[in-house]
Amino acid sequence: MKKVDVVLGLQWGDEGKGKVVDVLTPNYDVIARFQGGPNAGHSLHFGGEKFVLHTVPSGIFRDGSMNIIGNGVVIDPVILAEEIAQIEASGVDVVSRMKISKRAHLILPTHRALDAASEAAKGKTKIGSTLKGIGPAYMDKTGRNGLRVGDILLPDFEARYNALKEKHLFQLRQYDYQVDVTAYEKEWFAGVESLKRFEFVDSEILVNNYLKNDTTILAEGAQGSLLDVDFGTYPFVTSSNTLCAGVCTGLGVAPTRIGEVYGIFKAYCTRVGSGPFPTELFDATGETLRQVGNEFGATTGRPRRCGWLDLVALKYAVMMNGVTGLIMMKSDILNDFDTIKVAVGYEVNGEKVDYFPYEADDNIVPVYREFEGWNCDICNVRDFDQFPQQFKDYVAFIEAECGVPVKIISVGPDREETIVR
Ligand code: GDP
Ligand code: IMO
Ligand code: MG
């Protein structure tokens, strides 16, 4: 019996999960998304082309792999249909390569409106949501009001839709939020219709049968560990469990069936949206990271906040996920730095702290350790031995601190720009 291997983000998202899943897909028969929704933007580069996936698993471009949208995912049929059309336009037969869980929840047009209304009402304390309706859709899931993919095939689907919509319109009136969803609604029902081309499955049964039959599965996370609804920088988080535990609930696999857990991090750190970010840089160095790293959101285009690598936060994420192998991304972005800093501790209200505190707030002062930069182009390195000594020292320090080996290093966005140790 096989186990499910997992790829997930250890920071605030956008670590490069899409690229890594695409790179690892040839080693797996099945790729499965287990949480999140179209708030995700996973970029893939190959053959001189770039694709951004939001709901579709990042294994979709590889021949011979099956892709599953798991029960833990929330789906906007408009966004998913657009995404599928784009992939199909590139010649991929998506219908034969992807199945959708009947238990995945649907994001309604009014969920998007509620997201916008909630953010507007929060004013300065807004979360900086992607406004894709993620929070309201998961609220209806846990509130036991949601519509699921399996409901699409019920004769009274439209009546159920209307009943939930009415509830939402009532809530929107409480917010005093004016919105006309008619146009989006039309697209939404067209999207729902086009989803009927896909097989709706009991993905938990399918996944467990795959494991029984020695079929290999890679679970693809969205967002990052510090955006987890329980352990992230609450309330500035997303509304799902982004941690490894989310694989169990989002695909229906037992904890004992989790295999390798690949934790992805950038060689520095970014965050998009509001909330604490202890190592954030507000100076020219932060701006350099943003420009060189092209740190602008794949889903919203928003500039990402940038800063140094935070080992306190990284170790917290490694612990919570049971990471067995680290994957360091965007190493090339640090090519031209004389000095590279890494946070190895915090000072909170004058006291030294070596863990990620509940009160993660503006009161954290990072304690840095400085490293000599490698000051050369590492984009063409394909063998670990070829890396400059300063780079090897940087990697060795991270491994020692986290107690987990760095198994893959990425030195550029393309599939080929990857070193597997
Ligand atoms: P995801 O959400 O975790 O899949 O990450 P995103 O796709 O949102 O953001 C990662 C960005 O970095 C994308 O534009 C990738 O193409 C790019 N990228 C990934 N790995 C590397 C790398 O090693 N070097 C560089 N320069 N870019 C990378
Ligand atoms: P991927 O999978 C980075 C952030 C938003 C906001 C907070 C809540 O591409 O790494 P939501 O739309 O979920 O209500 O937003 O979470 N966020 C992400 N940041 N990458 C993502 O996904 C994100 N998905 C949500 O910016 O701060
Ligand atoms: Mg992203």
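The values are calculated or read from the model by the stated rules, or taken from the named source; none is laboratory data. Computed from a prediction, not measured in an experiment: that's the story for all the values here. Using ideal geometry, Cβ is built from the backbone for each residue, glycine included, and neighbour counts are taken over all protein chains shown. When the accessible area is computed, the model is the full protein with side chains, heavy atoms only, and any ligands, DNA or RNA have been set aside. Shrake-Rupley method; radii C 1.70, N 1.55, O 1.52, S 1.80 Å.
Does at least one position in segment 84-98 carry a residue that is within 14 Å of ligand 3 (Cβ to nearest atom), within 14 Å of Ile217 (Cα to Cα) and out of contact with any Pro (no Cβ under 7 Å at 6 or more places or on another chain)? No: zero hits.
Residue-wise test of (1) modelled with pLDDT of 95 or more; (2) within 25 Å of Asn209 (Cβ to Cβ).
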residue	(1), (2)
Gly9	yes, no
Lys17	yes, no
Val20	yes, no
Gly59	yes, yes
Gly64	no, yes
Ile69	yes, yes
Val73	yes, yes
Glu82	yes, no
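Out of the residues in segment 120-175 that are away from ligand 1 (no atom under 16 Å from the Cβ) and at positive phi, which is most open to solvent (accessible area, probe 1.4 Å)? Filtering first and then ranking leaves Arg144.
The residues of segment 216-236 that are in contact with a Leu (Cβ under 7 Å, 6 or more places away or on another chain), more than 9 Å from ligand 2 (Cβ to nearest atom) and in a loop (DSSP other than H, G, I, E, B), listed by number, are Asp228, Phe231, Thr233. Among the residues of segment 272-284, the ones that are touching a residue at least 12 places away in the same chain (Cβ under 8 Å) and either more than 12 Å from ligand 1 (Cβ to nearest atom) or assigned to a helix (DSSP H, G or I) (or both) come to 9 in all.
Listed conditions (1) open to solvent by 40 Å² or more (accessible area, probe 1.4 Å); (2) more than 16 Å from ligand 1 (Cβ to nearest atom); (3) without any contact (Cβ under 8 Å) to a residue 24 or more places away in the chain are all met by Cys248, apart from (1).
Of all residues in segment 67-116, those satisfying the criterion of being open to solvent by less than 10 Å² (accessible area, probe 1.4 Å) and in a strand (DSSP E or B) are Asn67, Ile68, Ile69, Val73, Val74, Ile75, Met98, Ile100, Ser101, Leu106. Would you be able to say whether some residue in segment 41-62 is farther than 26 Å from Val411 by Cα and either hydroxyl-bearing (Ser, Thr, Tyr) or over 16 Å from the mean Cα position of the chain (by Cα) (or both)? No, the conditions are met nowhere in segment 41-62.
Taking segment 6-47 as the range and being charged (D, E, K, R) and either crowded, with 22+ Cβ neighbours inside 10 Å or within 13 Å of ligand 1 (Cβ to nearest atom) (or both) as the test, the residues that pass are Asp14, Glu15, Lys17, Lys19, Asp22, Arg33.
Taking segment 36-52 as the range and being within 11 Å of ligand 3 (Cβ to nearest atom) and out of contact with any helix residue (DSSP H, G or I) (no Cβ under 7 Å at 6 or more places or on another chain) as the test, the residues that pass are Gly36, Ala40, Gly41, Val52. Of all residues in segment 255-300, those satisfying the criterion of being away from ligand 3 (no atom under 16 Å from the Cβ), of a type in the set (A, V, I, L, M, F, W, C) and open to solvent by 40 Å² or more (accessible area, probe 1.4 Å) are Phe282, Ala284, Val292.
Would you check if there is a residue in segment 307-316 being more than 26 Å from Gly37 (Cβ to Cβ), open to solvent by less than 30 Å² (accessible area, probe 1.4 Å) and within 16 Å of ligand 2 (Cβ to nearest atom)?
Initially, segment 307-316 is screened for residues more than 26 Å from Gly37 (Cβ to Cβ), giving 307-312, 315.
After this cut, where a residue has to be open to solvent by less than 30 Å² (accessible area, probe 1.4 Å) as well, the list is 307-312.
Still in the list and also within 16 Å of ligand 2 (Cβ to nearest atom): 307, 310.
The answer is yes; a qualifying residue exists.
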